[in-house]
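Just below is one structure, and these are the notes that go with it.
The values are calculated or read from the model by the stated rules, or taken from the named source; none is laboratory data. Source: prediction; values computed, not measured. Positions of Cβ are backbone-derived with ideal geometry, glycine not excepted, and every protein chain shown enters the neighbour counts. Heavy atoms of the whole protein, side chains included, go into the accessibility calculation; ligands, DNA and RNA do not. Shrake-Rupley method; radii C 1.70, N 1.55, O 1.52, S 1.80 Å.
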Amino acid sequence: MATMAAVAIMLSILVNGAANTLVVKALYSIWSTDARGNPMQFRRPWDATLAKFIGIAVAGLVGKVLLHVFVSLRSRKDCATCKGTSKPPRGSYAITVALAAAPAFLNVLSTGCLCAGLLYVPASVSLVLRSSGIVFTALFSMTLLGKEMPAFKWVGVGCCLLGITLASLANISTATVFEGSLTQSITGMALVVTSQLFKALQVVIEEILIKKAKLPTIDIILWGGIWPLLIMLSVVYPVMYAFPGADHGHMHDPMSSVAMFSNSLEVSTLFLGACFTGGAITVSLTYATAFLSAMWRMLLEAGGTFLVWLFGLVVHYLVDSGSELGEAWSTWSYLELLGFLLVLLGQFIYGGFLQLPCGRTASRAGAGDPSDLEAAKVTTAEPSSQNSRREEGRLEEAAELERGARGGDQASSGAVSGDAC
């Protein structure tokens, strides 16, 4: 059962990760009219960021409700044998909410930088650059989680780094794909890599909260959407509206976004698609952290590169050669292909699926990392901490009954001995 769930999570990460990247890129390519009736392209990364957090909050809320219904039905079946359930102490859920704010804030920074970077780099290159998160996650896992990194894993990380470098060179050499500016291309790549620094710290903190602090995964998802929404609406949007910029005198004018939604069905549809795919990929990634580890989460997320690149080639050569979603094959594309293969090779080496001719290797994924091997023991669909306390209460009751029975036996044997005397 756990194996099937892990496979489902992996497939969901690959499909939804690629889908979310493509939907956001498509959203950036659509034209609509702003509040003043002027034609305007929807190149608004903070709105795309908001879409993702809306999707996460909705997914977390739906999951929380379904989980509550499941727990209620299960408790009714158990009520005949259960004498009572212990209530979680007051303030325990408030602590959960407060702790979930840390990764949520990092998620805001990560998603914002990523969405801004997608304005200037092709979708497939952005996914390869996002593999830099593997390196950052490895470093944070060592420093914050105390995990070991055997030599063969560093070889895998090195392959990923080399692949990222080659993909970056391919992007610089084809800087005319979007804006024709070398500076913008470098800026876009820097934003994508920076987003992965924030994300690596986010996923490692989430692993600490799930596996060490024992917080329910569904609560990490729920408040991982609600906290960013509050931050976006109360801090980010007001600040960006206050600063001067090219959006009707503001750095970001929300009224322009509202007008573009109302004036274009395509913009509205793709925005909803960004909400759905953003929520779906985040749910899958969070449960990957719970089932496996933060490192495996980053490795799996990078696996959507091939799907995005293949889609771009298909769009360019079979659908519309002028579409921004398409990518033409050029001389420099060989570097991108080699970069992708090196990233894939690094993932296989890190996971222990590929044996090195010398040095310490792994016979299976996660070897050398005890938290990965024991990940299946982590409860990933926790209804709440109340269920754990309920089971503990039942065990304590059973222990008390057993001790009582033993005491009764000892008393009986004492009485018999007394009679015999």
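Couple of notes before you dig in:
- What the range 246-324 shows is 41 Å² of accessible area per residue, with the surface traced by a 1.4 Å probe over protein heavy atoms.
- Rounded if a/c under 1.5, otherwise prolate or oblate - the range 1-70, Cα gyration tensor axes: oblate
- Sites residue 186 and residue 75, calculated FRET efficiency, Cβ-Cβ separation with R0 41 Å, nearest 0.05: 0.10
- Accessible surface of residue 97 - all protein chains present, 1.4 Å probe, nearest 10 Å²: 20 Å²
- Amide H to amide H distances under 5 Å link residue 40 with 32, 33, 34, where only residues 5 or more positions off or on other chains count and H is placed in the peptide plane.
- Over all other residues within a Cβ to Cβ distance under 13 Å of residue 237, the charged ones net out to -2, with Lys and Arg as +1 and Asp and Glu as -1.
- Apolar share of the accessible surface for the range 134-289: 74 percent from carbon plus sulfur atoms, 1.4 Å probe.
- Accessible surface ranking that places the most exposed of 183, 277 first, with a 1.4 angstrom probe: 183, 277
- Phi angles across the range 235-246 convert, under the Karplus curve 6.51 cos²θ - 1.76 cosθ + 1.60 with θ = phi - 60°, into 3J(HN,Hα) values of 10, 5, 5, x, 5, 5, 6, 6, 7, x, x, 8 Hz, Gly and Pro given as x.
- Taking Lys and Arg as +1 and Asp and Glu as -1, the other residues whose beta-carbon sits under 13 Å from that of residue 108 total +2.
- Accessible area of the range 16-76 divided out per residue, in Å², using a probe of 1.4 angstrom: 45 Å²
- Sites residue 234 and residue 15, calculated FRET efficiency, Cβ-Cβ separation with R0 35 Å, nearest 0.05: 0.55
- The mean sequence separation of alpha-carbon pairs under 8 Å and at least six residues apart, normalised by the residue count of the range 225-329, gives a relative contact order of 10 percent.
- Note on exposure: 329, 309 ranked by accessible area (1.4 Å probe, complete protein assembly) read 329, 309, with the most exposed listed first.
- The listed residues 320, 253 rank as 320, 253 when sorted by accessible area, largest first, using a 1.4 Å probe.
- Accessible surface of residue 206 - all protein chains present, 1.4 Å probe, nearest 10 Å²: 10 Å²
- Contour excess over end-to-end distance, with Cα ends at residue 154 and residue 332 and 0.36 nm allotted per residue: 61.3 nm
- Accessible area (Å², 1.4 Å probe, nearest 10) - residue 334: 140 Å²
- Using θ = phi - 60° and Karplus 6.51 cos²θ - 1.76 cosθ + 1.60, couplings along the range 190-206 (whole Hz; Gly, Pro as x): 5, 5, 5, 5, 4, 4, 6, 5, 5, 5, 4, 5, 4, 5, 5, 5, 4
- For the pair residue 272 and residue 5, the difference between a 0.36 nm per residue extended length and the Cα-Cα distance amounts to 93.5 nm.
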